[in-house]
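Written out below as structure tokens is the structure these notes cover.
What follows is calculated from the coordinates using simple rules that are stated; it is not laboratory data. Given the structure is predicted, the values throughout are model-derived calculations rather than measurements. Don't worry about glycine lacking a Cβ; one is built from the backbone with ideal geometry, like all the others, and counts go over all protein chains shown.
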Amino acid sequence: MNYVIIGGSAASTAAAREIRQRDPGGRIRLFTRDPAFYSRCQLHLLASGHRQVAQANFLPHAWAERFRIEVFHDDAVTGIDTGQQRVRTSAGREAAYDRLLIATGARTALPPVAGLAGSRTFGFRDLADAEALRAALPGGGRLVIIGAGLVGCELAAELARDGHRVSLVEMAPHPLPLQLEAETGALAASLLSAAGIDLHCQDRVARVERDAAGLPVAVHLASGTALPADLMVVAAGVKANTELATGVGITTNRGILIDRQCRTNLPAIFAAGDVTESEDVIVHQIMPSAIWPAAVRQGQVAGAVMAGDTDSLARNTGLRASVSLCGTSVVAIGPVNQATADHWTKRVYRYRNSRGHRCVKIFFTDGCRLKAAILWGEITNAGVYGEAIINGRDIHDEQIVMPDLDGARRGIAELSIR
Amino acid sequence: MKTKIIDRSRCVGCKNCELACIVAHSPGGQLAGAYAAGIDKAVRARTKLEVDGDGKRFPQFCRHCAHPACVDACMSGALEKRADGLVICDPDRCVGCYMCVMSCPYGNARPSMGEAQIMIKCDACTDRACMACVAACPTGCLKVGEGTEAVVYNVVG
Ligand SMILES: Cc1cc2nc3c(=O)[nH]c(=O)nc-3n(C[C@H](O)[C@H](O)[C@H](O)COP(=O)(O)OP(=O)(O)OC[C@H]3O[C@@H](n4cnc5c(N)ncnc54)[C@H](O)[C@@H]3O)c2cc1C
Ligand code: SF4
Ligand code: SF4
Ligand code: SF4
């Protein structure tokens, strides 16, 4: 059996490993545009220079040799011939497949803002982005990061820690709008501001002013504020790399549509990771996921099914996030933002833990089910909450929604007895 | 293979295992070492006595799972399911993203809360002659035997 895998990241490498474990004799070829294996989640550490790219390799030592994967770095697949069942690559290679996996991930989406595209504007998805930013930083200029989602916040905090002058612009009323509600959102805003980040929420980039040489001068916001800018990083959303798929009649929406076995609508072709859309177990909607564990899980399922085994995405979700904001740990699980629309009950517990840290726990319940949770400052047991939310375990209201935190903690602990 | 056998029914909640785990992972192998970096950075146990809804204590230990959710979530490759069945974290590779903490369904992946922002979990006392928690358990709740899994949880008898 000939397997071809497009991509060299979370989903693709997970798939390769699963295939090898089931098909010792198969030929597995992996083509990636990347020059090396590195974890995208560490790009902010590479941009700041606190880690080198070799340290960001997320695979065990001698991975390709051990699993006998033929890896082609710096080699992008340029086309799929579904009739002949082969792919062509930018380095001029051709590879025939019996099973093909598209795990091409996503890229930075540039918002249509006048003057934004041009020199000194960086996306933040690939190693090249981090290296370009790293090379540009010593100029000591002012950096404007557009988008205070997970990537924008982490990058802003990392660079502010090193003394860089950073502005952060977000359309929503507070940072991490997909992960936090108003109270924790306000806490996040004050943490980032205290770290020296010039934060502008509920505002939007209207245009970028450039000088005669095309270099940026200022970022003008809709509110009228002008932020002096030498460098800009766009972290306001991504676009799935679906081009290879759409060209050959694979059904796509925002991403490639896959079923619970990671199949596309074409028989020999599978897809996994950030390039896809699949059913989310928590909200039962077809949607993209944008987290590492979801991509790994999809890769595992795709690999198993490609090799003729059975597996299912039944319990997969992308609605989970963990982030360290200037040293404060935060985990959010479930559709935090849907809470008001669905009339869930919201319980807030504010306390100081035994180490004196300010902590907040927020639970959203619909009576007998925990639907979403935000853990601020103390995240131990986050996975237990996650398990309850993902598996929709019936829990008595009083188990989780105790009048006091101690009671709620016991209710949760009980869920971990298995 | 060597298997840790946990019989929850025998637990009396004495917390000897927690304490032994703290001591085993503290500088100098001394309890005092646990507080060397200050109270707010004190060494944490890698296991925890939890209290259920009825107020009964039970030991929550890492299962060194067959399909470990913590490993699947790890974006640095620090966590690995080894050939000997143990799930071990390499502290030099860990970047403290806590995706593992978010993912362990039992709550056994924890932030260290110490000097370094890294995760800690049960390392099965691989650099010691025997598991400190097992040696400290006075009730037979924790034992070591032979089996096909690294940990068998909740054997009753
Ligand atoms: C800065 C940053 C921080 C992040 N932090 C976290 C975090 O803390 N936790 C978390 O869960 N998630 C985080 N994420 C998200 C996480 O990185 C992604 O969810 C994950 O990488 C998705 O994996 P993937 O395999 O689907 O795709 P990607 O990682 O996007 O990889 C796609 C692969 O396909 C290759 N490719 C694309 N097109 C082609 C082609 N035509 N031919 C050959 N190869 C091609 C690329 O080179 C790449 O190797 C972060 C992302 C970024 C950018
Ligand atoms: S930390 Fe949790 S998920 Fe990981 S091996 Fe231990 S029990 Fe399993
Ligand atoms: S905290 Fe460390 S071990 Fe846990 S997922 Fe992140 S990098 Fe891996
Ligand atoms: S085996 Fe060692 S590391 Fe694991 S819980 Fe027991 S004492 Fe702690």
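What ranking of A:I417, A:I282, B:I6 emerges when the number of other C-beta atoms within 10 Å of each C-beta is taken as an exposure proxy, fewest first?
Numbers: A:I417 15, A:I282 22, B:I6 25.
Result, fewest neighbours first: A:I417, A:I282, B:I6.
Could you please rank A:F37, A:F67, A:F363, placing first whichever residue has the fewest other Cβ atoms within 10 Å of its Cβ?
Result, fewest neighbours first: A:F67, A:F37, A:F363.
So which DSSP H runs in chain A come out at 20 Å plus along the axis (Cα) with average Kyte-Doolittle of at least 1.6? Could you put the intermediate results ahead of the total?
Values: long enough: A:292-306 (21 Å, 0.46).
Membrane-span-like by this rule: not one helix.
Give me the inter-chain shielding for B:69-81: mean count of other chain Cβ atoms within 10 Å, whole number please.
The shielding value for this peptide is 5.
Over the alpha carbons of region A:1-96, what is the largest minus smallest coordinate on each principal axis, giving the biggest first in Å?
46, 29, 17
Considering only DSSP beta bridges whose two residues both sit in region A:1-99, what percent are antiparallel, to the nearest 5?
Values: 7 of 16 bridges.
Of those bridges, close to 45 percent are antiparallel.
Cut-off under 30 Å on the C-alpha distance; same-chain residues fewer than 8 positions from A:K361 excluded. Which lysines are left, in chain and number order?
A:K346, A:K371, B:K15, B:K41, B:K48, B:K56, B:K121
Apply the Debye scattering formula to region B:2-153, with a single equal point scatterer on each alpha-carbon and no solvent, then give log10 I(q)/I(0) at q = 0.08, 0.11, 0.15, 0.21 Å⁻¹.
-0.21, -0.41, -0.79, -1.51
Whole-Å semi-axes of region B:76-129's equivalent ellipsoid, largest first, each the root of 5 times a Cα gyration tensor eigenvalue?
The answer is 17, 13, 11 Å, longest axis first.
If you take each beta carbon of peptide A:58-64 and count the beta carbons of other chains within 10 angstrom, what is the mean? Mind showing how you got there, number by number?
Values: counts 6, 1, 4, 1, 0, 1, 0.
Partner-chain Cβ atoms within 10 Å, mean over residues of A:58-64: 2.
Just to compare against my own numbers: the Cα pair-distance distribution for chain A, 10 Å bins, whole % per bin, please.
5, 20, 27, 26, 17, 4, 0
Under 15 Å from the 7 Å Cα→Cβ point of A:A268, by amide nitrogen: which residues of region A:22-36?
What the label zone holds, given the 15 Å backbone N cut-off, is A:27-29.
Roughly what % antiparallel, to the nearest 5, for the DSSP beta bridges in the protein assembly as shown?
Bridges in the protein assembly as shown that DSSP calls antiparallel: roughly 65 percent.
Using the crude model of +1 on Lys and Arg Cβ and -1 on Asp and Glu Cβ, and no other charge, please compute the dipole size for the protein assembly as shown relative to its Cα centre, in debye to 20.
Details: 63 positive and 58 negative charges, 166 e Å.
My answer is approximately 800 debye.
Need one value for A:11-20: mean number of C-beta atoms belonging to other chains within 10 Å of its residues' C-beta atoms.
Whole-number average of other-chain Cβ neighbours for A:11-20 is 0.
For the residues B:I120, B:I39, what sequence is obtained by ranking on other C-beta atoms within 10 Å, fewest first? Mind showing how you got there, number by number?
Details: B:I120 23, B:I39 10.
Exposure proxy ranking, most exposed first: B:I39, B:I120.
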